[in-house]
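As structure tokens, the structure follows; a few thoughts come after it.
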């Protein structure tokens, strides 16, 4: 028997389209920028404060609500369900990996990662920012508290999120500060250039923007072509997030204002309700191959349910400066229910806390949305991964679900990134944490291609179980970072959790640690062209050129073509396109309006190999 499984149902759900009352738009005074840089930090003490209390039922801990719920659900659970092993897709290749942010005596890790087209990696965990090269060389490390010190906000910083913007070639970083209405802030930082070790424009948004005795928790972010969208849960002070949830707000702000250091005119939407009740943990959907817009989709589910088929689809129709922009909520039904996951098993009876079944990762491409979350694997009773596909975004929202599981391991905290190389590719790599009584905590990945999955691939497995908190319950590392390398189709970079043993002399630390890695899909890799079947030019015109350049070529077989512009010295000016050419006649055309007058070379690759270089004279 293969070590992985997929549970699915052959029912195609038809869902009612029920548009709820629109959310309410709110404006605030513009936020003032503060310019910061990691190099400005003079003294960084990397301060951390966290409780070592185990989240055991009956302990009075903030996890008690969920732990008791899971105990009630799964103490006598009998595995059921159908196993379908569909390892038809090629397994992804693990290219490289290295240890990321060092353990900083805080739990959980809250991993997230972003990488620029130039290979600058920003890796964040619960209280630190580390900047690496693709080879793992650390360029800089700074704590969230020191990075935001110029804001003169001294409460604890936590829950960092980071994105790379391939359109503007910049980074966006968001994290939170404070755990009560008086000290709660949302910190938003925009890099001024593509170098994350350089200057950033930083803003402090209120964590209690409605002035109604609430504070902000659990930020999630996504970028469209021109805006940053941020969601956050408002929490009632003095209560845990599980029972103290008030509502989720949707923030909307301009990327151009943030990158330029202008005053930031952010707005937020409240009353994001369905059936008169607020939906929670709203997850904004990032673009797959590139950010989309001006609208954006967001997702939510019933994250505490034992079994449920509800998916809430939130749609923000336009930009913040468009008075006609609306936020609506519709209900979709999946054909395969999801459920709150059980605890995850470790060595020596230790267990990992798995939180709930909220949506943790998503993207949109080719008119469909892929999303992932934690769930119960009904075939084993272990923790599994729910993978959902939403199609018919302009119609009735058809939602098909799969459950990814393993015969021996618990899988949790997934993320997903698009890996398509050609138009209409519906594929991705899903990454997640793994653990078992006989397998130390680590990371795995799996490739999905239009209904088919690969075998599970081990990205990295640790050398120890995790034992930081008192008792037997440990935190698992609440998120897994994942991002497509935008200028390398088929390649993604990820960050996740693994167990690490550190000898400290009189005692041994068994701690959470972060692993950063890159993966590449091996599916649909182009075949080498036969020597007698290479592309043939039929036309190149005009040359010299003023505004547009065009070439016609004939292919004797399908091929992946790449087009790049070089200057007269052979230095790369820009990568223009990487796409599939079809057998027969093809035309490639691009604007030269942004090129200064001079001599350039159009470099063309076929299936990864240099095929031809065409000289262009720009007048």
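The values are calculated or read from the model by the stated rules, or taken from the named source; none is laboratory data. In this text, all values refer to a predicted model and were calculated from it rather than measured experimentally. Positions of Cβ are backbone-derived with ideal geometry, glycine not excepted, and every protein chain shown enters the neighbour counts.
Details
- Residue 379 fulfils the conditions (1) in contact with a strand residue (DSSP E or B) (Cβ under 6 Å, 6 or more places away or on another chain); (2) modelled with pLDDT of 95 or more except for a single criterion, (2).
- Among residues that are under 14 Å from residue 615 (Cβ atoms) and surrounded by fewer than 16 Cβ atoms within 10 Å (Cβ to Cβ), residue 569 is included.
- Test: residue in the stretch 134-152 that is within 19 Å of the chain's Cα centre (by Cα) and in the same structural domain as residue 116 (by TED's automatic domain parsing): yes
- Across the stretch 44-56, a minimum of one residue is classified as modelled with pLDDT under 95, buried (at least 17 other Cβ atoms within 10 Å of the Cβ) and in contact with a helix residue (DSSP H, G or I) (Cβ under 7 Å, 6 or more places away or on another chain).
- Taking strands (runs of 3 or more DSSP E) as the structural unit, those lying wholly within the stretch 108-194 and holding at least 3 residues that are surrounded by 22 or more Cβ atoms within 10 Å (Cβ to Cβ) correspond to 112-115, 121-124, 128-132, 157-165, 170-177, 185-191.
- The one condition in (1) touching a helix residue (DSSP H, G or I) at 6+ places or on another chain (Cβ under 8 Å); (2) surrounded by 22 or more Cβ atoms within 10 Å (Cβ to Cβ) that residue 437 fails to fulfil: (2)
- Among the residues of the stretch 320-339, those that are assigned to a loop (DSSP other than H, G, I, E, B), over 22 Å from the mean Cα position of the chain (by Cα) and surrounded by 17 or more Cβ atoms within 10 Å (Cβ to Cβ) comprise 320, 325.
- Selected residue (only one of 577, 561 is surrounded by fewer than 13 Cβ atoms within 10 Å (Cβ to Cβ), at pLDDT 75 or above and assigned to a strand (DSSP E or B)): 577
- Taking first residues from the stretch 79-99 that are assigned by TED's automatic domain parsing to the domain that holds residue 405 and partners that are at pLDDT below 90 and loosely packed, with under 13 Cβ neighbours inside 10 Å, the Cβ contacts under 8 Å between residues at least 6 apart in sequence or on separate chains come to 85/1; 85/2; 87/2.
Table: residues versus (1) surrounded by 17 or more Cβ atoms within 10 Å (Cβ to Cβ); (2) under 19 Å from the mean Cα position of the chain (by Cα); (3) at pLDDT 95 or above.
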site: 265; (1), (2), (3): no, no, yes
site: 272; (1), (2), (3): yes, no, yes
site: 279; (1), (2), (3): yes, no, no
site: 285; (1), (2), (3): yes, yes, yes
site: 288; (1), (2), (3): yes, yes, yes
site: 298; (1), (2), (3): yes, yes, yes
site: 317; (1), (2), (3): no, no, yes
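- Close contacts from the stretch 495-518, counting a first residue that is free of Cβ contacts under 8 Å to residues at least 24 places away in the same chain and a second that is part of a loop (DSSP other than H, G, I, E, B) and buried (at least 16 other Cβ atoms within 10 Å of the Cβ), with Cβ to Cβ under 6 Å and a gap of 6+ residues or different chains, come to none at all.
- Just one of the numbered conditions (1) in contact with a strand residue (DSSP E or B) (Cβ under 6 Å, 6 or more places away or on another chain); (2) more than 21 Å from residue 257 (Cβ to Cβ) is not true of residue 187: (2).
- Identity of the residue in the stretch 210-225, touching a helix residue (DSSP H, G or I) at 6+ places or on another chain (Cβ under 9 Å) and closer than 18 Å to residue 173 by Cβ, that ends up surrounded by the fewest Cβ atoms within 10 Å (Cβ to Cβ): 224
- Looking only at residues in the stretch 587-608 that are in a strand (DSSP E or B) and touching a residue at least 40 places away in the same chain (Cβ under 8 Å), the one that is surrounded by the fewest Cβ atoms within 10 Å (Cβ to Cβ) is 589.
- Evaluation of residue 413 against (1) crowded, with 24+ Cβ neighbours inside 10 Å; (2) on the phi < 0 side of the Ramachandran plot (one fails), failing number: (2)
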